[in-house]
Amino acid sequence: MGVALVLIEVLPSGALAATAPGLLAAAARVGEPVAVIVGPADALSGAAAEAAGLGAVRVLTTETVPDALTIPVVDALAAAVDRERPDLVLASNAVESRDALARLAARRRLPLATDVVGVDRDELGVVAHHSVLGGAFTVDGAPTFGTLLATLRPGAVDARLESRPLVVDSLEVVASEVRAARIDGFSETVAPSSRPELRGAAAVVAGGRGVGSREDFALVEQLADVLGAAVGASRAAVDAGYVPAAAQVGQTGVSVSPRLYVALGISGAIQHRAGMQTAGIIVAIDKNPDAPIFDIADFGIVGDLFTVVPQLISALEAHKN
Amino acid sequence: MKIVVLIKEVPDTWGERRLDLETGLSDRSGASPVLDEIDERAVEAALAYADAHPGTEVEVVAMAPASSTATIRKALAMGATSALHIVDDALRGADLLLTAEVLAAAVKRAGFDVVIAGNLSTDGGGGVIPAMVAEVLGIPQLTGLSALELSDSAVSGDRVSDAGTMRVTGDLPAVVSISEALPEGRFTTFKGIMAAKKKPYETMDAAALGIEPDDPTVARYIMLSVAERPPRAAGTKIVDEGDAGEKLAAFLLAEGVL
Ligand SMILES: Cc1cc2nc3c(=O)[nH]c(=O)nc-3n(C[C@H](O)[C@H](O)[C@H](O)COP(=O)(O)OP(=O)(O)OC[C@H]3O[C@@H](n4cnc5c(N)ncnc54)[C@H](O)[C@@H]3O)c2cc1C
Ligand SMILES: Nc1ncnc2c1ncn2[C@@H]1O[C@H](COP(=O)(O)O)[C@@H](O)[C@H]1O
């Protein structure tokens, strides 16, 4: 079996990004998962141990250049590709990792597949799976030959690998001296309480323009907490400043596929549906009986969210107690 | 200052977008083709700078079928100075690497201090073209900017990711991609549309850029199969008569969601 390199992001805290377990499990379907970790010197040994715990057969580590954007990661990946000759290089489809794989593809002239929901192997080599146009189509693709680079949609794979004994190698990297942008500062998003992350959440409660204000968005959050759900939003709610942009579901936001999706005051424009219509159960509450969200809702309520939702919350809480 | 804006024609997201089940490519008979909304914002960002800095040149570059002229002219009608349109049948269905190599060669041909692109196209492009173009050109990329400041020698901005907000700066020349947090594209006026007809509009094929689309020594990413999922149907719909919250709770509990 060949090697599948997995780029793993290290958070400023030194812990691995939440995408790490899914990336390693996805890559293992294609080859021996070998992790690549580029981070601050003092975080590397802890991060490597964590990666082995998540099933990395080996871990290649190298120190980052603190203020340089993307280029040090590309240099490290290029060195790892030259050394390991992998069948696959997998990374998260999150902005930093995606930029690194994009530049690696251009530098080494390798084929790239983006936003895949899984990878496999057939008699001829690596195959990548995509879910496109809002999940309306599934597409399989493959490289004509050689190594494939791919970015994995966060939350798409929830398989987990067994822990492995730790084997660490430090990676020799020759800096490319390609000019990088400079990171002037970073302000971490205040951890959103104990709520699950939107990507990969089992349940999502989303609010739209119909919620009306940032203050009233608390009602959306309250229902999310009763259901143990993540919080999502429409673009109109983001534009109006009710919630940060990271909560946007849809075509140009996050694509989610939870077991339950609850849409509150969201009309269901085609671009919003593109990000949630593969959910297991869809519930919608909207004042307008003709809102298109009802065309795809398993349970739709024509009504005022400010009367229906509080009643729903008390009924669910009564059941819990 | 010369700004090159990368613009892409995509199927209108308001229409029914489909893939051709034979070729796996966008079905052009369905939704009507438009200038991608995010690229209208990229053009707007360039024009806003040009408005404040007379003498700025804004060239739009697109790799698109011959039928895309009207879409590209829309950017000229908004106020761009000139257009470079790469047309070549051999580029139909080009994968990401080939697309990036063509665009990088075109941008180089046009000449630039900064390249502005959208962060993510709406037809499944994947948001990687700007960084790939930057690597081919050997210059920095600053992607997904939700705020953009341009000076004679540098570009800075904020990029938002799940983890937080990063402040980044790059010396020119550089490639930036912008997010939809930036302002919408301006409307075209009748005067703008008339003026666009007289603006420089150059058309070029891959060979003119020194690109060989069918180079057998370079691996390509190809589509193996395409399948359509059955559309989703509507379920129960009730009008609230004072007890809809309780009915919904009963439905959710029966589905075992707690
Ligand atoms: C290129 C492009 C990309 C886009 N990408 C996205 C995307 O990623 N995600 C996205 O969401 N949108 C996206 N959009 C925008 C999309 O077209 C819609 O404008 C947006 O989804 C509308 O958000 P909304 O449903 O919250 O607002 P509206 O359409 O205004 O709907 C608000 C709804 O709330 C209801 N309402 C009001 N008050 C109440 C009440 N008290 N109780 C119950 N219901 C109430 C109204 O009846 C209405 O149906 C995109 C658009 C374009 C052109
Ligand atoms: N064929 C193309 N012609 C011109 N610009 C493009 C093309 N494809 C992508 N781009 C640019 O790259 C951005 C991101 O696209 P993508 O990587 O396809 O999501 C777009 O918003 C455009 O600015």
Report task. Once you have all Cα-Cα distances for region A:153-264, histogram them in 10 Å bins from zero and send the whole-percent values. Result -> 12, 33, 24, 18, 11, 2
Query raised in the report: Rounded to the nearest 5, what % of the DSSP beta bridges within the protein assembly as shown are antiparallel ones?
Result: 35
Report summary line: The helix B:69-78 Cα axis meets the longest alpha-carbon principal axis of chain B at an angle in degrees, between 0 and 90 and rounded to 10, of 80
Report summary line: Taking a crude spin-label model, label points 7 Å out from Cα along the C-beta direction, the B:GLU184 to A:ARG179 distance in nm is 3.6
Query - Summed side-chain charge close to A:VAL249 - residues other than A:VAL249 whose Cβ falls under 11 Å, Lys, Arg +1, Asp, Glu -1 - result: +3
Query raised in the report: Going down the list A:LYS287/A:LYS320; B:LYS8/B:LYS197; A:LYS287/B:LYS8, which pairs span over 26 Å between their C-alpha atoms?
Result: A:LYS287/A:LYS320; A:LYS287/B:LYS8
Query raised in the report: Taking only Cα atoms, what is the 0 to 90° angle, nearest 10, from helix B:96-110's long axis to the longest principal axis of chain B?
Result: 40
**Report entry** Pairwise FRET efficiency - B:LYS199 versus A:SER45, Cβ, R0 = 56 Å, nearest 0.05
**Finding:** 0.40
Query raised in the report: When only DSSP loop residues count, what GluC sites (Glu not before Pro) in region B:10-69 have their Cβ near at most 16 other Cβ atoms within 10 Å?
Result: B:GLU16, B:GLU22
Query raised in the report: How large is Rg/Rh for chain A, to two decimals, with Cα atoms and a Kirkwood Rh?
Result: 1.02
Report summary line: Nearest 10, in degrees from 0 to 90: the angle of helix B:37-52 to the longest Cα principal axis of chain B is 40
Query - Rh by Kirkwood over Cα pairs, then Stokes-Einstein D for region A:168-221 at 1.002 mPa s and 20 °C, µm²/s - result: 130
Report task. Please figure out what share of the DSSP beta bridges in region B:2-209 is antiparallel and state it in percent, rounded to the nearest 5. Result -> 40
Report summary line: On each of the three principal axes the extent of the alpha-carbon atoms of region B:35-78, given in whole Å and largest first, is 33, 19, 16
Query raised in the report: Normalised by the number of residues in chain B, what is the relative contact order in percent for Cα pairs under 8 Å and 6+ residues apart?
Result: 22
Query raised in the report: Hey, which aspartates and glutamates would be in cross-link range of B:LYS74, C-alpha to C-alpha under 16 Å, not counting anything within fewer than 8 residues on its own chain?
Result: B:GLU9, B:ASP12, B:ASP36, B:GLU37, B:ASP39, B:GLU40, B:GLU44, B:GLU59, B:GLU184, B:GLU202
Query raised in the report: 222 nm [θ] for chain B, helices only, -39500 (n - 2.57) per DSSP H run of 4+, per residue, to 500?
Result: -8000 deg cm²/dmol
Report summary line: Placing +1 on each Lys and Arg Cβ and -1 on each Asp and Glu Cβ in region B:2-209, then taking the dipole about the Cα centre, the residue among B:PRO183, B:GLY144, B:ALA52 whose Cα reaches farthest towards the positive end is B:ALA52
Query - Residue-averaged [θ]222 nm for chain A, counting only DSSP H segments that reach four residues, each worth -39500 (n - 2.57) - result: -7500 deg cm²/dmol
Query raised in the report: What net charge do the residues around B:GLU40 carry, taking every other residue with its C-beta under 14 Å from that of B:GLU40, with Lys and Arg at +1 and Asp and Glu at -1?
Result: -3
Report task. Report the local net charge at B:MET223: Lys and Arg +1, Asp and Glu -1, summed over other residues whose C-beta lies under 12 Å from its C-beta. Result -> -3
Query raised in the report: Please state the relative contact order of chain A as a whole percent: Cα pairs under 8 Å, 6+ residues apart?
Result: 14
**Report entry** Radius of gyration and Dmax over the Cα atoms of region B:2-209, both given in Å
**Finding:** 16.2, 50
Query - Peptide B:249-256 - average C-beta neighbours from other chains (10 Å radius) - result: 5
Query - Mean Kyte hydropathy of 0.0 or more with a Cα span along the axis of at least 18 Å, helices from DSSP in chain A - result: A:71-84, A:305-320
Query raised in the report: Taking the C-alpha atoms of the protein assembly as shown, how large are the radius of gyration and the largest Cα-Cα span, Dmax, in Å?
Result: 23.9, 73
Query - Extension gain from B:LYS191 to B:ALA154, taking 0.36 nm per residue of separation minus the Cα-Cα distance - result: 10.0 nm
Query raised in the report: Taking only C-alpha pairs under 8 Å that are 6+ residues apart, what is the relative contact order of region B:28-179 in percent?
Result: 21
Query raised in the report: So if we plug the beta-carbon distance of B:ASP243 and A:ASP82 into 1/(1 + (r/R0)^6) with R0 = 60 Å, what FRET efficiency do we get, rounded to 0.05?
Result: 0.35
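Where a number appears in this text, it was derived from the coordinates with a stated rule and is not lab data. Quick caveat, the model's predicted, so the values are computed rather than measured. Positions of Cβ are generated from backbone atoms using ideal geometry, with glycine treated the same way; all protein chains shown enter the neighbour counts.
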